[in-house]
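In what follows, a structure is listed as structure tokens, so that the remarks can point back to it.
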Amino acid sequence: MRTIVKWLLPAGLVVLLAIPFLGCGLLQPLVAPRALDKTQAAVLIQVYGVPYIDHYYEELVGEEAAQALGEIGTATPTGVWAADYQGEGKWVIEGPVTTKSWGECSTRWTFNEADGKIRLTRFECD
């Protein structure tokens with residue numbers, strides 16, 4: 001009986017101490033590790049998102065609105081890009097682009113590691 005108590009007490013304390021860490025996210029990388037780092041996530045959008053920005057913009061505003069505003073055309077990533085991991089394989093990536101017809105624009109994208117889905121969620125130009 002004493003050996004059981006000696007074993008259960010430390011194990012119980014470990015569990016009680018671990019629960020708050022799970023809640024505040026300190027153990028999140030161990031529980032649900034991300035596949036990419038911040039630089040890789042930003043480069044992924046620059047390579048697979050920005051060159052096809054017209055397609056993603058159409059998904060964002062709808063086909064009719066995109067046609068009414070005209071094509072964005074060729075976009076080039078510029079400046080500093082930032083990527084923020086949201087957990088559960090979801091990323092938010094932001095960065096500036098330069099377009100021939102719209103000038104300097106800021107973009108925000110999301111990327112889901114689970115299904116590989118890229119979405120443009122903000123496109124604002126001066």
Could you work out the relative contact order of segment 34-125, using alpha carbon pairs under 8 angstrom and six or more residues apart, expressed as a whole percent?
26
Compute the length gained on full extension between ALA114 and THR98: take 0.36 nm times their separation in residues and subtract their Cα-Cα distance, giving the result in nm to one decimal.
2.8 nm
Under a plain spin-label model, where a point goes 7 Å from the Cα along Cα-to-Cβ, how far apart in nm are LEU69 and THR121?
1.7
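Taken together, the values in this text are just the output of simple stated rules run on the coordinates, not laboratory data. In this text the structure is predicted, and so the values were computed from the model without any measurement. Heads up, the Cβs are rebuilt from the backbone with ideal geometry, glycines too, and the neighbour counts pull from every protein chain shown.
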